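Engineer: My structure is below; once you've seen it, I'll send some questions.
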Amino acid sequence: MKKSVYINSVGSVSAQKTFDNSHFLEDIFNHNDTVLSIIAPDYREYIPPAAARRMAKGIKMSTVSAKTAMTEAALEENEIDAIIVGTGLGCIGDSEKFVIDIIDNDEQFLTPTRFIQSSHNTVAGQIALGMGCKGHNFTYVHSVISFESAVLDAKMQLENDEANHILVGGVDELVDHHVDTHRLIGHIKQEAVETMAVLSSGTQGAVFSEGAHFFVLSNEKRPSCYAELLAVETYNTLSQDEVSEKVALFLSKNKFTLDTVDVVILGNNGDVEFDGYYNELAKGIFKNTCQAYFKHLSGEFDTASGFGFWLANQILKHQYVPKAVRLNSVETTSPKTILIYNQYRGENHSLTLLRKC
């Protein structure tokens with residue numbers, strides 16, 4: 001018999017002040033831009049200053065969120081059996097700097113630090129080195145389903161009793177060249193948009209951002225438990241007409257119905273070309289279900305669904321849906337089951353099902 005999978009803690013660094021788990025979206029930071037940087041914690045509280053100076057932003061964000069999750073789960077570092085990270089771009093900032101150094105220095109006198117820190121698995125490796133974790137160390141680079149791939153891997157290992165506690169995360173950072181490229185091809189909005197007005201912008205493209213979200217997944221329920229992870233499923237391509245059918249099938253396979261979902265969290269990002277996927281559900285099979293969204297707060301990036309996962313866990317823990325993320329007026333009391341649906345530009349769709357502990 002497969003074991004249950006519990007989400008025992010959360011850690012988040014995002015464009016909102018989420019690094020403090022004692023607060024749950026009580027103070028919304030209202031941005032007015034097309035690209036959002038994280039609200040950074042005081043890194044000196046988590047990382048020695050000498051070490052932080054040598055770290056890329058993605059590593060620092062991840063270290064903070066990973067340490068937050070570890071502390072909340074009340075686990076010793078030697079109790080973590082595996083570290084699994086999802087990332088779309090890895091430490092792309094150091095990749096760019098290393099290439100620039102190659103060009104500027106005519107391929108000579110190069111320091112190895114930026115090269116070492118430029119690979120996609122740097123984050124998982126740095127966290128493992130800091131913890132002294134010699135267990136499995138994986139990094140998934142699967143575009144917008146990178147985070148879900150990491151979660152799915154951890155889920156299977158825990159269900160099959162291959163591990164007891166796994167640190168799972170998703171991280172992506174902003175860099176100028178990446179932003180300039182996506183702005184040029186129209187993937188980023190041309191004009192600044194206020195945080196709470198993203199969905200009513202009526203324009204193409206999204207508001208880009210960055211963030212790091214880590215969670216301790218275990219096959220045993222600890223006092224800090226947020227939720228039980230029931231199922232994760234991904235799809236490469238779907239038409240808008242197929243979404244409702246896939247959702248209903250996904251729920252049916254996991255012995256749930258549309259009526260048993262208390263809250264559905266959707267990944268709307270205000271792109272008029274692709275928000276139709278979410279509207280198909282919002283105005284269709286989930287029109288009578290409490291709906292929430294999150295990318296107006298987190299921005300769009302390859303592992304933005306990590307923020308949606310964080311939000312779902314917080315809703316189940318605190319038992320209410322904050323006004324700032326409400327997508328409709330349908331009320332729910334004591335939410336027990338949450339479905340998360342995300343996609344980006346019509347590709348890499350994911351469904352994640354959580355249940356209150």
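Read the figures in this text as sums done on the coordinates, not as results from a lab. Since this is a predicted model, take the numbers as computed values, not measurements. So basically every Cβ, Gly included, is an ideal-geometry build from the backbone, and we count neighbours across all protein chains shown.
Engineer: Apply the Karplus parameterisation 6.51 cos²θ - 1.76 cosθ + 1.60, with θ equal to phi minus 60°, to every residue of the range 342-347 and state each ³J(HN,Hα) to the nearest whole Hz, in sequence, with x for glycine and proline.
Structural biologist: 9, 7, 9, 6, x, 10
Engineer: Return the sequence-ordered ³J(HN,Hα) values of the range 325-333 in whole Hz as given by the Karplus equation 6.51 cos²θ - 1.76 cosθ + 1.60 applied to θ = phi - 60°, using x for Gly and Pro.
Structural biologist: Coupling constants for the range 325-333: 10, 6, 9, 9, 9, 5, 8, 9, 10 Hz.
Engineer: At 0.890 mPa s and 25 °C, plugging the Kirkwood radius over alpha-carbon pairs of the range 229-356 into Stokes-Einstein gives what diffusion coefficient in µm²/s?
Structural biologist: Numbers: Rh = 14.4 Å.
The diffusion coefficient I find is 171 µm²/s.
Engineer: Quick one: which of 57/336; 3/323; 155/336 span more than 24 angstrom between C-alpha atoms?
Structural biologist: On the way: 57/336 36 Å; 3/323 35 Å; 155/336 20 Å.
Where the Cα-Cα span goes over 24 Å, the pairs concerned are 57/336; 3/323.
Engineer: Turning to a different aspect of this structure: Given an 8 Å cut-off on Cα distances and at least 6 residues of separation, report the relative contact order of the range 5-218 as a percent. Kindly include the intermediate steps, with their values, before the conclusion.
Structural biologist: Values: 422 pairs, mean separation 73.1, N = 214.
Here the relative contact order equals 34 percent.
Engineer: Another question, if that's okay. Would you mind pulling out the separation of the Cα centroids of the range 1-38 and the range 237-288, in Å?
Structural biologist: With the range 1-38 and the range 237-288 each reduced to a Cα centre, they are spaced 23 Å.
Engineer: State, as an integer percentage, the relative contact order of the range 229-356 based on alpha-carbon contacts under 8 Å between residues 6 or more apart. Mind showing how you got there, number by number?
Structural biologist: Working: 214 pairs, mean separation 49.2, N = 128.
Result for the range 229-356 is 38 percent.
Engineer: With θ taken as phi - 60° and the coefficients 6.51, -1.76 and 1.60, list the Karplus ³J(HN,Hα) couplings across the range 90-102 in order, rounded to whole Hz; mark glycine and proline as x.
Structural biologist: Listing the rounded values in order: x, 8, 5, x, 6, 4, 5, 5, 5, 5, 5, 4, 4 Hz.
Engineer: Show that you can apply the helix-only estimate: for the chain, add -39,500 (n - 2.57) for every DSSP H stretch of four or more residues, divide by all residues, and state [θ] at 222 nm to the nearest 500. Don't jump to the answer; show the numbers that get you there.
Structural biologist: Numbers: 11 runs with 110 residues, N = 357.
-9000 deg cm²/dmol, from helical runs alone.
Engineer: Separate question: I need the semi-axes of the equivalent ellipsoid of the range 5-218: take the C-alpha gyration tensor, multiply each eigenvalue by 5, square-root it, list largest first in whole angstrom.
Structural biologist: That gives 28, 24, 17 Å for the three semi-axes.
Engineer: Where both residues lie in the chain, what percent of DSSP beta bridges are antiparallel, nearest 5?
Structural biologist: Details: 37 of 59 bridges.
If we restrict to bridges inside the chain, about 65 percent are antiparallel.
Engineer: In addition: Under the rule that a partner needs its Cβ under 4.7 Å from the first Cβ, which Cys of the chain have none?
Structural biologist: If one checks each Cβ against the other cysteines of the chain, 91, 133, 290 turn up with nothing under 4.7 Å.
Engineer: Taking the Cβ of residue 148 as the centre, find all other residues whose Cβ is under 12 Å away and add up their charges (Lys, Arg: +1; Asp, Glu: -1).
Structural biologist: Values: positive: 155; negative: 153, 233, 302.
Around residue 148, the surrounding residues sum to -2.
Engineer: Sticking with this one: Looking at the range 263-300, which trypsin sites (Lys or Arg not before Pro) are DSSP coil and have at most 16 other C-beta atoms within 10 Å of their C-beta?
Structural biologist: Working: sites: 283, 287, 295; in loops: 283, 287.
Filter output for the range 263-300: 283, 287.
Engineer: While we're looking at this one, here's another question. In a shell of Cβ-Cβ distance under 14 Å around residue 60, excluding residue 60 itself, what net charge do Lys and Arg (+1) and Asp and Glu (-1) give?
Structural biologist: Its environment carries a net charge of -1.
Engineer: While we're looking at this one, here's another question. Which distance in Å, rounded to a whole number, links the C-alpha centroids of the range 172-189 and the range 71-141?
Structural biologist: Between the Cα centres of the range 172-189 and the range 71-141 lies a distance of 22 Å.
Engineer: At q = 0.20, 0.21, 0.22, 0.32 Å⁻¹, what base-10 log of I(q)/I(0) does the Debye formula yield for the range 213-262 when every alpha carbon is treated as an equal point scatterer in vacuo?
Structural biologist: -0.87, -0.91, -0.94, -1.23
Engineer: Amide H of residue 172 versus every other amide H placed in the peptide plane: which residues, excluding those fewer than 5 positions away on the same chain, fall under 5 Å?
Structural biologist: The list, which skips near neighbours in sequence, is 211.
Engineer: For a quick check: with amide H placed at 1.01 Å from N, whose amide H comes under 5 Å from residue 348's, ignoring anything fewer than 5 positions away on the same chain?
Structural biologist: Those qualifying (amide H under 5 Å, at least 5 residues apart or on another chain) are 237.
Engineer: Give me, ordered by chain and number, the residues 5 or more places off residue 140 or on other chains with an amide H under 5 Å from its own placed amide H.
Structural biologist: Sorted by chain and number, the residues that satisfy this are 85, 86, 87.
Engineer: I would also like to ask the following. Of the listed values (1) 21.2, 74; (2) 22.8, 94; (3) 19.5, 64, grab the one calculated as Rg and Dmax of the Cα atoms in Å from the structure here.
Structural biologist: (3)
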